[in-house]
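Accompanying notes for the structure given below.
The values are calculated or read from the model by the stated rules, or taken from the named source; none is laboratory data. Every value quoted in this text rests on a predicted model; they were computed, and no experiment measured them. Positions of Cβ are backbone-derived with ideal geometry, glycine not excepted, and every protein chain shown enters the neighbour counts. Ligands, DNA and RNA are stripped out before the accessible areas are found, and what is left, the full protein with its side chains, is counted by its heavy atoms. Shrake-Rupley method; radii C 1.70, N 1.55, O 1.52, S 1.80 Å.
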2 protein chains.
Amino acid sequence: MSEINILEVGPRDGLQNESLTFSLKDKQEFVLKLASAGLKRIEIGSFVSVQAVPQMAETGSLVEHTLSLQKAGVIPKDVQFSALVPNRHGLIEAVNRGLQEVAVFAGCSDSFSRKNINCSIEESFNIYVKVCEEALSKGLRVRGYLSVAFGCPFEGIVPEDRVVELIRKMKNMGVYEISLSDTMGMAHPAQVESLLTAVSKNISLKEIALHFHDGQGLAFCNVWAAWKMGVTAFDGSVGGLGGCPYSPISVGNIPTEGILRLLGRQSEEKRINKLTDIISWLEKKVGRPLSHRSTTSFSPAALKSLPFSVASSNSSKKGM
Amino acid sequence: MSEINILEVGPRDGLQNESLTFSLKDKQEFVLKLASAGLKRIEIGSFVSVQAVPQMAETGSLVEHTLSLQKAGVIPKDVQFSALVPNRHGLIEAVNRGLQEVAVFAGCSDSFSRKNINCSIEESFNIYVKVCEEALSKGLRVRGYLSVAFGCPFEGIVPEDRVVELIRKMKNMGVYEISLSDTMGMAHPAQVESLLTAVSKNISLKEIALHFHDGQGLAFCNVWAAWKMGVTAFDGSVGGLGGCPYSPISVGNIPTEGILRLLGRQSEEKRINKLTDIISWLEKKVGRPLSHRSTTSFSPAALKSLPFSVASSNSSKKGM
């Protein structure tokens, strides 16, 4: 079975979509827990304007603290940390704090790009070309995000050839991996198959990651469709932190543990159990249940452990 | 695209898993609404012991009322109604009320069979052979359910060859369609692909229906995997009625509108909108939100209609 390559975005995409803002201390604890749970790629923050995204305040201090823990051997050496940088200013901050990986993020529609980062797609790429050049010259890795790749709330479906063209442009900047993001949770598995088919004619799917939000309960279905086509890199947020997936208009994050469960099944039991502890900790912080459903074990043992009185309320009464 | 063949089980599998028991009048209204929404196959009840399943009380009166509406032309002639029958007594009731289709239900594990219908698999088949014989002799269609086909809470994973053997036995009874039921919501898409591959060597998948419960958020994923293999018949419960799919241990029903959305997409818009009205009506009755998420439209138009202030809470803040 292929290796499941997870980028944990809970501390960034998760927290930035929570109304509650975590304290620096809580963020430090959260990141340490994630790194200790066996996650190897963690996006811990965003060097964006604190006015625009208050939840991402103190990303610099969080990065510094986390890297010091890693230097001290508290966090395993092989864990890779990254943060978003919208421009050169952000890059310099990231470099000064000692990060070895940053991520740039562009939209796949001008309308979304302007709402999201206040400039057109082309303008954002003009900035990112320079950011990448400088980052690479300083020895950093750069990851790229393409938002609303599966549909824009303002322009609707985004043409596949545009997405492919933007992937090419990012690739030419020297980005090592491009995360196609279903920002609105609009994607349908048939659409995933179609877009990935178009993409694979231009770039290896090994250089593509998928970032799904769960707008319609199809996020796992989309992950499965992509996995069957050879994609192995997926972004996830532990517990689905960041937006409640049960709201009709929510575009909550896909839960990391659910991706591991779907793709790894029993082979990921250990890591999933560690994440479950983190989810319980997070629930106390955010004050609502997170995506426990996808941490329910598939294993018969776990199902046997259910009191029948519970199972019976749903199935024993002439259940099908 | 293949025709999507839905059997609506809301009035039976949905209501029997709700704590609240609908009045006969409410059930009559519910069934009329479903039939008027364009659903062509509706399982409206179960001729089982009222002690065991109080929610299924008055199934006989419900059947009689519904068929009278159909005779009067209020309900389209091409809508097929059915009910579960556990034994000859149930069959006779169904016949006396004028039903033209009944369903028998057996387990795929002896432990579940004993808990569910108080006899072994073999004992249940000994009863069903006679029930089918009599039903067919009276000109009725008989459908068969195989419960816990994807895993039993007491015995764990059920061997594929046992499921195939039970399918053969049911087929030999003269059952026209066999519904493989993931009673516990345990199924994984890889398991669906594997079991259907084994089944297809023995029987056409056109004679197989799939009945998923959503124990882990993979029900749509399982439907998609089955659809890709050629299965077109699925059981669904409008709004996911019957158990809350958001509970860690719930095995809620898969929402009919979600199946139509996943498999039919825009082509099913009209029918889905009608079902959405029924869901709103049901929510008032059960006093909790049902699976609106899967009635969220995939169409860009609908997403455009979202106030950006709402979308922005999840996506505009440097969203990916």
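For A:VAL199, the stated conditions do not hold, so it cannot be described as touching a residue at least 60 places away in the same chain (Cβ under 8 Å) and either open to solvent by 10 Å² or more (accessible area, probe 1.4 Å) or aliphatic (A, V, I, L, M) (or both). For first residues located in region A:111-123 and away from chain B (no Cβ under 11 Å) and open to solvent by 10 Å² or more (accessible area, probe 1.4 Å), partners that are not small (Gly, Ala, Ser) and not in a helix (DSSP H, G or I) and lie 6+ apart or on another chain with Cβ distances below 8 Å form the pairs A:ILE121/A:CYS108. Could you tell me whether any residue of region B:211-233 is closer than 30 Å to A:GLY156 by Cβ, out of contact with any Leu (no Cβ under 9 Å at 6 or more places or on another chain) and basic (Lys, Arg)? Taking every residue of region B:211-233 in turn, at least one turns out to be closer than 30 Å to A:GLY156 by Cβ, out of contact with any Leu (no Cβ under 9 Å at 6 or more places or on another chain) and basic (Lys, Arg). In the condition set (1) within 14 Å of chain A (Cβ to nearest Cβ); (2) in contact with a Phe, Trp or Tyr (Cβ under 7 Å, 6 or more places away or on another chain); (3) of a type in the set (Gly, Ala, Ser), B:ALA94 is compliant with all but (1).
A:GLN55 - would you say it is modelled with pLDDT under 95, within 13 Å of chain B (Cβ to nearest Cβ) and surrounded by 22 or more Cβ atoms within 10 Å (Cβ to Cβ)? Yes: the conditions hold for A:GLN55. Of all residues in region A:2-49 being out of contact with any Gly (no Cβ under 9 Å at 6 or more places or on another chain) and within 14 Å of chain B (Cβ to nearest Cβ), which is modelled with the lowest pLDDT? Only one residue fits best here, namely A:SER19. Looking only at residues in region B:248-262 that are facing chain A (nearest Cβ under 10 Å) and closer than 17 Å to B:ASP13 by Cβ, the one that is modelled with the lowest pLDDT is B:SER250.
Anything in region A:202-216 that is in a loop (DSSP other than H, G, I, E, B), within 12 Å of chain B (Cβ to nearest Cβ) and either open to solvent by 10 Å² or more (accessible area, probe 1.4 Å) or of a type in the set (S, T, N, Q) (or both)? List them, or say none.
Keep residues of region A:202-216 that are in a loop (DSSP other than H, G, I, E, B), which gives A:202-204, A:215-216.
Narrowing further to those that are within 12 Å of chain B (Cβ to nearest Cβ): A:215-216.
Result: A:GLN216, single match.
No other residue among A:LEU99, A:LEU196, A:LEU166, A:LEU180 is under 30 Å from A:SER61 (Cα atoms) and not in a loop (DSSP other than H, G, I, E, B) apart from A:LEU180.
Do you know which residues across region B:100-110 are touching a Leu at 6+ places or on another chain (Cβ under 7 Å) and buried (at least 22 other Cβ atoms within 10 Å of the Cβ)? Scanning region B:100-110 gives B:VAL102, B:ALA103, B:PHE105, B:ALA106, B:CYS108.
Every residue, every condition in (1) among the acidic types (Asp, Glu); (2) within 24 Å of A:GLU207 (Cβ to Cβ); (3) open to solvent by 10 Å² or more (accessible area, probe 1.4 Å); (4) in contact with a Phe, Trp or Tyr (Cβ under 6 Å, 6 or more places away or on another chain), yes or no:
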residue	(1), (2), (3), (4)
A:ASN5	no, yes, yes, no
A:GLY10	no, yes, no, no
A:LEU24	no, no, yes, no
A:GLU29	yes, no, yes, no
A:LEU32	no, no, yes, no
A:SER36	no, no, yes, no
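Out of the residues in region A:146-180 meeting the condition of being aliphatic (A, V, I, L, M) and facing chain B (nearest Cβ under 10 Å), tell me which one is farthest from A:CYS132 (Cα to Cα). For region A:146-180, the residue satisfying everything is A:ILE157.
The residue that is nearest to B:ASP235 (Cα to Cα), counting only those in region B:263-303 that are hydrophobic (A, V, I, L, M, F, W, C), modelled with pLDDT under 85 and surrounded by fewer than 18 Cβ atoms within 10 Å (Cβ to Cβ), is B:ALA302.
For region B:128-142, does any single residue satisfy the condition of being of a type outside the set (S, T, N, Q) and part of a strand (DSSP E or B)?
Initial filter on region B:128-142 (of a type outside the set (S, T, N, Q)): B:128-136, B:138-142.
With part of a strand (DSSP E or B) added as a condition, the list becomes B:141-142.
Yes.
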